[in-house]
Amino acid sequence: MCLIVFDWRPGSDTPLRLAANRDEIHARPTQALAPWPDAPTLVGGRDLRAGGTWLAASQKGRLAAVTNVRDAHAAAPTSPPSRGALPYQALTHAAPLDWLDALATHEARAYAWFNLLYCDGVTLIHVHHSPTGTTLTRVPPGVHGLSNATLDTSWPKVIRARDGFEQALTQTPWQDPAQALMRDTQTAPTPNLPNTGVGPEMERFLAPIFIRGQRYGTRATTLVEWRSTHIELQESRFGPNGVTQGSHRHSLALTGATTPS
């Protein structure tokens, strides 16, 4: 994932509503949103090169998603493990909150920079790993945006997506305007772009909510609605230059009442 906006309302009938775009090289092999044959409690997309995921949910009442942190000013670790393993660990670990504490304390150092979101329906945790260190934060209620910096960083695409998502949530169903929002290709004025070390031309290319490119771009849009008994997931997939390649939906029944796990 490279852009996630979400509304976090613990204690409500819909504690989490989320929209996310995954940006990636189009040639990288990917499995669309589906149950995992080798981990049948999980539903999500899957990276077929490294075996991990960018966003997935579990029947146990967990959801996890990852984005990379873009900072070309600093040298990343050499030969790091795939960041796609992080959501999988969060979803399958016997004690995920303990694992997240360990990740933030020392284990994150092995990985290239990342953001990890973890939700169990009661608590939503953000782990941010960057050249300046690693932090673990319990996310407060409200509408938030996350891209390739830390939570709610005021990048133009984050502000535009977060404000648009808040408007989408006032409509019924919210998924239709949210889907349209996540396909917004509007860029931002050059003076407003971040400086992450990749150069002005690349910053402009990466600035839209939806990135349209031949080699690299938005590969999937995922929408999530968490309810007391199930989690609804829907995914739209895109090929080079933003060409639609299909969609999938899945209603994931939760195995019990939503409690911290």
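A count restricted to region 49-87 and to residues that are under 13 Å from the mean Cα position of the chain (by Cα), of a type in the set (V, I, T) and assigned to a loop (DSSP other than H, G, I, E, B) stands at 2. Would you be able to say whether some residue in region 90-100 is within 27 Å of G164 (Cα to Cα) and buried (at least 20 other Cβ atoms within 10 Å of the Cβ)? Within region 90-100, none of the residues are within 27 Å of G164 (Cα to Cα) and buried (at least 20 other Cβ atoms within 10 Å of the Cβ). Applying the set (1) buried (at least 19 other Cβ atoms within 10 Å of the Cβ); (2) touching a Ser or Thr at 6+ places or on another chain (Cβ under 9 Å); (3) not charged (D, E, K, R) to W174 leaves exactly one unmet item: (2).
Can A188 be described as over 25 Å from P29 (Cβ atoms) and not in a loop (DSSP other than H, G, I, E, B)?
Details: over 25 Å from P29 (Cβ atoms): yes; not in a loop (DSSP other than H, G, I, E, B): no.
No, not satisfied.
Residues in region 235-245: is at least one closer than 18 Å to P35 by Cα and touching a residue at least 60 places away in the same chain (Cβ under 8 Å)? Yes, there is a match, as at least one residue in region 235-245 is closer than 18 Å to P35 by Cα and touching a residue at least 60 places away in the same chain (Cβ under 8 Å). Of the numbered criteria (1) without any contact (Cβ under 8 Å) to a residue 12 or more places away in the chain; (2) farther than 26 Å from V43 by Cα; (3) part of a helix (DSSP H, G or I), the one G164 fails is (1).
Of everything in region 28-46 that's more than 14 Å from T221 (Cα to Cα) and among the β-branched types (V, I, T), which residue is nearest to the chain's Cα centre (by Cα)? The qualifying residue nearest to the chain's Cα centre (by Cα) is V43.
Matching residues to (1) part of a loop (DSSP other than H, G, I, E, B); (2) touching a Ser or Thr at 6+ places or on another chain (Cβ under 6 Å); (3) not aliphatic (A, V, I, L, M):
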| site | (1), (2), (3) |
| --- | --- |
| F6 | no, no, yes |
| P10 | yes, no, yes |
| A19 | no, no, no |
| A32 | no, no, no |
| P35 | no, no, yes |
| Q89 | no, no, yes |
| D98 | no, no, yes |
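A quick yes/no check of all residues on (1) modelled with pLDDT under 95; (2) surrounded by 18 or more Cβ atoms within 10 Å (Cβ to Cβ); (3) part of a loop (DSSP other than H, G, I, E, B); (4) in contact with a helix residue (DSSP H, G or I) (Cβ under 6 Å, 6 or more places away or on another chain):
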{"residue": "T135", "(1), (2), (3), (4)": "no, no, no, no"}
{"residue": "D152", "(1), (2), (3), (4)": "no, no, yes, no"}
{"residue": "N195", "(1), (2), (3), (4)": "no, no, yes, no"}
{"residue": "E203", "(1), (2), (3), (4)": "no, yes, no, no"}
{"residue": "R219", "(1), (2), (3), (4)": "no, yes, no, no"}
{"residue": "V224", "(1), (2), (3), (4)": "no, yes, no, no"}
{"residue": "S228", "(1), (2), (3), (4)": "yes, no, yes, no"}
{"residue": "E235", "(1), (2), (3), (4)": "no, yes, no, no"}
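If you check D120, D98, D176, D163, which single one turns out to be within 27 Å of T30 (Cα to Cα) and more than 16 Å from the chain's Cα centre (by Cα)?
On the way: D120 fails: more than 16 Å from the chain's Cα centre (by Cα); D98 fails: within 27 Å of T30 (Cα to Cα); D163 fails: within 27 Å of T30 (Cα to Cα).
After applying the criteria, what remains is D176.
The values are calculated or read from the model by the stated rules, or taken from the named source; none is laboratory data. Only a predicted model underlies this, so the values are computations on that prediction, with no experimental measurement involved. Glycine gets a Cβ as well: all are built from the backbone with ideal geometry, and neighbour counts include every protein chain shown.
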